Amino acid sequence: MAYALPTQLFDKRQLITNPTELITYEVDAGFDRGKPDGVFYANSTADVSRIMQWAHRAKVPLIARGAGTGLSGGAVPEHGGIIVEFARMNHVLEFDSVGRSAVLEPGLVNLVFDALAKQAGLYYPPDPSSGRSSTIGGNLGENAGGPHCFKYGVTTNYITGLEVVLADGQIVNLGGRALDYPEYDLCGILVGSEGTLGIVTRADVRLIRNPPGVKTMMVAFDSIEQAGKAVSAVISAGLVPATLEMMDQKVMGMIEAYAAANLPVTAGAGLIVEVDGYPASLDSQMEELADILTQNGGHSLRIAQSEEERQKIWYGRKSAAGAMSRLAPTFYLVDVTVPRSRLAEALADVDKICDKYQLRAGHVFHAGDGNLHPLILCDARDKELMRRTFQACDEIVELAIAKEGSITGEHGVGIEKRRYMPVMYTAAELSAMLDFKQMLDPHRLLNPGKVFPDDIPVPKYVEPVLPTENLWTPATAEEAAAGLRALSAAKQRVQISSQADPKRSEIDLWLSTNKLQGIKVFAQDDLYVTVGAGTPLQELQTYLQQHGMQAPLATPWPATTIGGLIATNINAPLRMRYGALRDLILATTVALPDGRVIRAGRAVVKNVAGYDLPKIFVGSQGTLGLLTDVTLKLIPAPRAQRTLAVPVAELKQSIALAQRLVPQAMVASAVLVAEGAQLPGLQTAPYTLLYTAEGLPEDVDAELTQVAMILRHGGATNILETNLTGTDIWASHLNQASTDGMAIRIGLPAQALSEISQTLPPLAGQKNLLDFGAGMIYVTLPPETVEGSLEAVQVWLTAVRRLAHARGGYAVVMAMPDHLQGRLDPWGYQPEAMPLMRALKARWDPAGILNTNAFIL
């Protein structure tokens with residue numbers, strides 16, 4: 001060690017340097033090893049900042065560590081340095097049961113937090129098998145999933161904001177308690193970055209309602225391949241159980257001897273199927289699943305008859321790793337993902353590989369999302385056995401890539417998988433990821449050696465070809481990249497738009513996506529669609545409806561394209577049911593202004609190989625690159641969709657009613673209060689409360705029965721059922737501002753919505769719509785107000801922004817007349833990450849030509 005530890009900066013009890021004590025920190029749960037020079041126990045964000053400032057000056061590596069349960073060497077100090085340990089930063093800093101959110105420190109154990117949430121009737125879905133000991137910080141670093149992510153998503157889907165300490169010790173907040181901040185989604189990049197870009201010291205998380213009922217079933221199959229085909233049949237039928245977990249006979253035998261979980265050990269494979277929802281829907285869900293599974297070879301179906309029996313099954317599933325220790329000194333758990341429709345063939349191919357190398361292996365994995373975990377018994381002391389084990393792993397990874405999957409679905413790249421990164425990604429894609437590393441950690445001090453291989457191929461840049469027309473319509477990503485590179489060299493400013501605007505004299509060329517249209521891939525069996533970025537959303541939805549599917553997106557403006565929707569990050573109220581745009585985008589092909597073409601992400605549900613690049617383009621306003629196609633997650637169309645509407649005389653009463661309804665929301669796709677809404681058959685009133693629920697008929701009926709009861713107890717006497725949805729009302733409200741009016745979106749932490757909505761300054765003709773599921777207020781102003789006094793509008797907007805900013809929110813203009821462009825600031829917001837945003841823009845668009853002045857940059 002060529003440096004002195006900073007003992008003078010901290011309490012001596014915060015630093016460990018004893019060689020014996022340091023042995024614990026040489027490994028995680030995998031095979032890689034590295035010796036740390038010391039371990040630092042942080043008590044606060046300020047502590048982390050100080051140690052990082054010192055490390056930055058001394059050029060000492062820092063490695064953030066959770067509980068050491070990782071399997072890819074992600075927390076192993078391969079190059080020495082100081083491990084930053086978070087066991088003392090393990091608190092819940094805030095818990096808002098009404099707003100369904102919390103603020104957590106990174107050392108908090110996953111299962112501890114989930115138990116706290118469930119006591120409040122809420123649910124934090126990411127549940128890795130190591131959840132009994134793994135921490136929130138470690139889960140963030142790896143973007144952890146677990147058995148229930150098939151239905152509910154992974155860690156990144158529940159993170160709204162981060163407090164991060166950068167490599168130089170600077171503390172920066174990304175995102176926050178509100179949603180859809182007008183900034184690049186660096187929060188999405190940090191989650192899953194394995195501690196290579198910054199160290200997280202606080203996380204803002206969102207929660208959902210804990211389902212009131214759950215049923216678990218064990219199904220036996222004669223073979224693992226047969227079980228794989230059955231899983232594909234379930235998914236292709238459009239069913240979404242809470243989880244589909246599979247084990248083969250070998251693994252079930254090992255577990256049964258260890259945990260006595262009453263598994264079907266004589267069968268070739270066992271499938272754990274779990275459904276949740278209202279109790280009224282559980283039997284019908286199970287019956288439908290049972291029919292499909294038995295038609296595909298399932299037998300000996302057994303439904304857990306008690307919570308104790310259910311927990312016993314899950315204890316067995318999550319004890320697989322412990323069971324292995326009775327049969328071999330250690331085991332190697334492979335982690336790859338394949339498209340779900342190719343599950344059966346992938347399982348058969350993996351078995352052939354293991355047989356080829358004479359390995360004892362079994363399968364235990366998340367079948368619902370195609371995340372395979374071949375489990376190979378081995379002995380680290382047997383070099384020949386380990387050689388064969390690693391060779392088999394190489395072939396399994398190559399197999400996953402060949403089947404258009406991922407080299408890692410949840411364990412991360414770490415040390416273990418970094419050599420495969422150039423196989424999965426092109427040099428251009430790797431270089432785009434590396435841009436973040438060089439921008440945030442130029443000296444490579446944060447978890448050095450992880451994620452990226454030592455030798456990264458040189459990226460390919462397309463040859464520049466200067467467009468000649470004023471309205472340019474490239475037909476491919478390569479053509480777009482060639483033109484943008486030439487335009488960058490010529491320093492000609494480009495605006496992405498469907499038509500040229502001669503009044504915008506500062507724009508040199510207009511870029512249209514009209515030739516980037518159409519459905520490229522419709523993979524119903526794998527629940528995704530790839531579509532040209534210039535395709536109108538309406539066209540995509542019409543196509544999907546014919547197949548009983550949906551991309552749960554909406555827009556107030558019918559001509560909106562898929563690319564335009566993603567660039568502007570417009571999310572309808574139905575996000576509370578299905579997630580936001582950032583949760584639904586799996587991959588996108590992008591032409592960068594510097595001449596690189598990248599395919600960000602992959603068309604699988606779980607992929608934690610490298611940085612989550614698709615998210616950085618959501619809400620980027622087209623300033624980072626041109627999206628040429630987009631791959632979106634698909635959801636089966638709801639079997640039932642109902643809306644209750646209630647006229648309310650006063651804003652205060654409507655807010656009070658809405659707040660009482662939000663805790664009931666499980667299948668709700670909208671909880672709104674709309675001012676001045678006109679609904680057929682509903683008596684005219686100043687305000688209308690709307691509650692839309694969609695999903696299984698039994699769940700929708702059960703939820704709306706509870707909602708109606710709450711409304712009646714709250715004094716509502718006129719409850720109408722309408723064919724319009726909350727999203728329809730939202731779209732109609734905003735569409736009022738499509739010609740010469742203005743639309744403003746106020747984003748707030750959910751707990752601030754009631755206060756701010758009642759203290760907004762008034763303006764003539766103003767109409768508000770409150771979205772309680774998202775913490776949003778949508779304000780529309782009529783043309784006569786906008787045209788009457790721009791100064792009055794500016795004063796009003798300044799006052800609104802002051803209120804929103806004080807509560808951790810923002811207010812942005814969504815639509816305004818063309819002649820106000822440049823005269824009215826649409827953003828009024830300066831994120832803490834602004835220097836980072838500008839640095840990224842400079843790397844990808846060095847000449848600054850793309851969508852000039854389109855964003856807060």
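The values are calculated or read from the model by the stated rules, or taken from the named source; none is laboratory data. Everything quoted here is computed from the prediction, not taken from an experiment. In this analysis, Cβ positions are derived from the backbone assuming ideal geometry, glycine residues included, and neighbour counts consider all displayed protein chains. Protein only, heavy atoms only, side chains kept; ligands, DNA and RNA dropped before computing areas. Shrake-Rupley method; radii C 1.70, N 1.55, O 1.52, S 1.80 Å.
Return yes when ARG100 is surrounded by fewer than 22 Cβ atoms within 10 Å (Cβ to Cβ) and among the basic types (Lys, Arg) and no when it is not. Answer is no for this residue. Run down ASP379, ASP355, ASP369, ASP349 and say which single residue is in contact with a strand residue (DSSP E or B) (Cβ under 8 Å, 6 or more places away or on another chain), open to solvent by 10 Å² or more (accessible area, probe 1.4 Å) and acidic (Asp, Glu). Result: ASP379 is the single residue among ASP379, ASP355, ASP369, ASP349 that is in contact with a strand residue (DSSP E or B) (Cβ under 8 Å, 6 or more places away or on another chain), open to solvent by 10 Å² or more (accessible area, probe 1.4 Å) and acidic (Asp, Glu).
Conditions tested, residue by residue: (1) part of a helix (DSSP H, G or I); (2) modelled with pLDDT of 95 or more; (3) open to solvent by less than 20 Å² (accessible area, probe 1.4 Å); (4) in contact with a Leu (Cβ under 7 Å, 6 or more places away or on another chain).
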residue	(1), (2), (3), (4)
THR739	no, no, no, no
ALA752	yes, yes, yes, no
GLN758	yes, yes, no, yes
GLY765	no, no, no, yes
ALA774	no, yes, yes, yes
VAL779	no, yes, yes, no
GLU787	yes, no, no, no
TRP796	yes, yes, yes, yes
VAL800	yes, yes, yes, yes
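Scanning for something farther than 23 Å from MET324 by Cβ, open to solvent by 50 Å² or more (accessible area, probe 1.4 Å), touching a strand residue (DSSP E or B) at 6+ places or on another chain (Cβ under 8 Å) and not in a helix (DSSP H, G or I), does segment 266-273 turn up at least one residue? Taking every residue of segment 266-273 in turn, none turns out to be farther than 23 Å from MET324 by Cβ, open to solvent by 50 Å² or more (accessible area, probe 1.4 Å), touching a strand residue (DSSP E or B) at 6+ places or on another chain (Cβ under 8 Å) and not in a helix (DSSP H, G or I). Among the residues of segment 309-324, just one is in contact with a Phe, Trp or Tyr (Cβ under 8 Å, 6 or more places away or on another chain) and surrounded by fewer than 16 Cβ atoms within 10 Å (Cβ to Cβ), namely GLY322. Within segment 781-812, the residues that satisfy the criterion of being touching an Asp or Glu at 6+ places or on another chain (Cβ under 8 Å) and farther than 18 Å from LEU753 by Cα are PRO783, VAL786, GLU787. Considering (1) of a type in the set (Asp, Glu); (2) assigned to a loop (DSSP other than H, G, I, E, B); (3) within 22 Å of ASP47 (Cβ to Cβ), the lone condition that GLU94 does not fulfil carries the number (2). When we screen GLY534, GLY563 for residues that are of a type outside the set (Phe, Trp, Tyr), modelled with pLDDT of 95 or more, under 14 Å from ILE585 (Cβ atoms) and buried (at least 21 other Cβ atoms within 10 Å of the Cβ), the only hit is GLY563. If we scan segment 462-481, do we find a residue that is β-branched (Val, Ile, Thr), more than 27 Å from ASP335 (Cβ to Cβ) and at pLDDT below 95? Looking for residues that are β-branched (Val, Ile, Thr), more than 27 Å from ASP335 (Cβ to Cβ) and at pLDDT below 95, one finds at least one in segment 462-481, hence yes. Among the residues of segment 137-196, write down those that are open to solvent by 10 Å² or more (accessible area, probe 1.4 Å), more than 14 Å from the chain's Cα centre (by Cα) and among the aromatic types (Phe, Trp, Tyr). If the condition is that a residue be open to solvent by 10 Å² or more (accessible area, probe 1.4 Å), more than 14 Å from the chain's Cα centre (by Cα) and among the aromatic types (Phe, Trp, Tyr), then TYR181 is the only one that fits.
Could you please let me know if THR688 is farther than 26 Å from ASP818 by Cβ, among the polar types (S, T, N, Q) and open to solvent by less than 10 Å² (accessible area, probe 1.4 Å)? Considered against the rule, which asks whether it is farther than 26 Å from ASP818 by Cβ, among the polar types (S, T, N, Q) and open to solvent by less than 10 Å² (accessible area, probe 1.4 Å), THR688 comes out as yes. Counting just the residues of segment 289-309 that are under 13 Å from LEU244 (Cβ atoms) and not β-branched (Val, Ile, Thr), which one comes out nearest to the chain's Cα centre (by Cα)? For segment 289-309, the residue satisfying everything is LEU289.
Between GLU384, GLU410, the distinction of being surrounded by 24 or more Cβ atoms within 10 Å (Cβ to Cβ) and out of contact with any His (no Cβ under 7 Å at 6 or more places or on another chain) belongs to GLU410 only.
Among the residues of segment 13-32, those that are more than 24 Å from HIS411 (Cβ to Cβ) and open to solvent by 40 Å² or more (accessible area, probe 1.4 Å) comprise ARG13, THR17, ASN18, PRO19, THR20, GLU21. Out of all the residues in segment 57-85, which are in contact with a helix residue (DSSP H, G or I) (Cβ under 7 Å, 6 or more places away or on another chain), hydrophobic (A, V, I, L, M, F, W, C) and open to solvent by 10 Å² or more (accessible area, probe 1.4 Å)? Those that are in contact with a helix residue (DSSP H, G or I) (Cβ under 7 Å, 6 or more places away or on another chain), hydrophobic (A, V, I, L, M, F, W, C) and open to solvent by 10 Å² or more (accessible area, probe 1.4 Å): ALA64, ALA67.
Taken residue by residue, segment 647-665 has at least one member that is modelled with pLDDT of 95 or more, surrounded by 21 or more Cβ atoms within 10 Å (Cβ to Cβ), closer than 30 Å to GLN285 by Cα and within 23 Å of the chain's Cα centre (by Cα). Scanning segment 577-594 for residues that are touching an Asp or Glu at 6+ places or on another chain (Cβ under 8 Å) and either open to solvent by less than 20 Å² (accessible area, probe 1.4 Å) or assigned to a helix (DSSP H, G or I) (or both) returns ARG577, ALA580, ARG582, THR588, ALA591, LEU592, PRO593.
For segment 39-56, state whether one or more residues are assigned to a helix (DSSP H, G or I), touching a Pro at 6+ places or on another chain (Cβ under 8 Å) and surrounded by fewer than 17 Cβ atoms within 10 Å (Cβ to Cβ). There is no residue in segment 39-56 that is assigned to a helix (DSSP H, G or I), touching a Pro at 6+ places or on another chain (Cβ under 8 Å) and surrounded by fewer than 17 Cβ atoms within 10 Å (Cβ to Cβ).
So, ALA261, is that one in contact with a Lys or Arg (Cβ under 6 Å, 6 or more places away or on another chain), crowded, with 20+ Cβ neighbours inside 10 Å and not polar (S, T, N, Q) or not? Here the answer is yes, as ALA261 does meet what is asked. Given the condition open to solvent by less than 10 Å² (accessible area, probe 1.4 Å) and of a type in the set (Val, Ile, Thr), answer yes or no: does some residue in segment 291-301 qualify? No - not one qualifying residue is present in segment 291-301.
Starting from segment 13-37, take each residue that is part of a helix (DSSP H, G or I) and list its partners that are among the aromatic types (Phe, Trp, Tyr), counting only C-beta distances under 7 angstrom and pairs at least six apart or across chains. So the pair list comes out as GLN14/PHE40; GLN14/TYR41. Within segment 1-12, the set of residues being open to solvent by 70 Å² or more (accessible area, probe 1.4 Å) and touching a strand residue (DSSP E or B) at 6+ places or on another chain (Cβ under 7 Å) comprises THR7 only.
Is it fair to say GLY808 is closer than 30 Å to LEU174 by Cβ, open to solvent by less than 70 Å² (accessible area, probe 1.4 Å) and either more than 25 Å from the chain's Cα centre (by Cα) or not hydrophobic (A, V, I, L, M, F, W, C) (or both)? So GLY808 fits the description; yes. Scanning segment 817-857 for residues being open to solvent by less than 30 Å² (accessible area, probe 1.4 Å), of a type in the set (A, V, I, L, M, F, W, C) and touching a Lys or Arg at 6+ places or on another chain (Cβ under 6 Å) gives a total of 1. Test VAL92 against the stated conditions and say whether it is more than 26 Å from GLY409 (Cα to Cα), at pLDDT below 95 and open to solvent by 30 Å² or more (accessible area, probe 1.4 Å). It is false that VAL92 is more than 26 Å from GLY409 (Cα to Cα), at pLDDT below 95 and open to solvent by 30 Å² or more (accessible area, probe 1.4 Å).
Among the residues examined, LYS437 does not qualify as open to solvent by less than 30 Å² (accessible area, probe 1.4 Å), in contact with a helix residue (DSSP H, G or I) (Cβ under 7 Å, 6 or more places away or on another chain) and charged (D, E, K, R).
Of the residues PRO502, PRO556, the single one that is surrounded by fewer than 16 Cβ atoms within 10 Å (Cβ to Cβ) and under 30 Å from ALA737 (Cα atoms) is PRO502.
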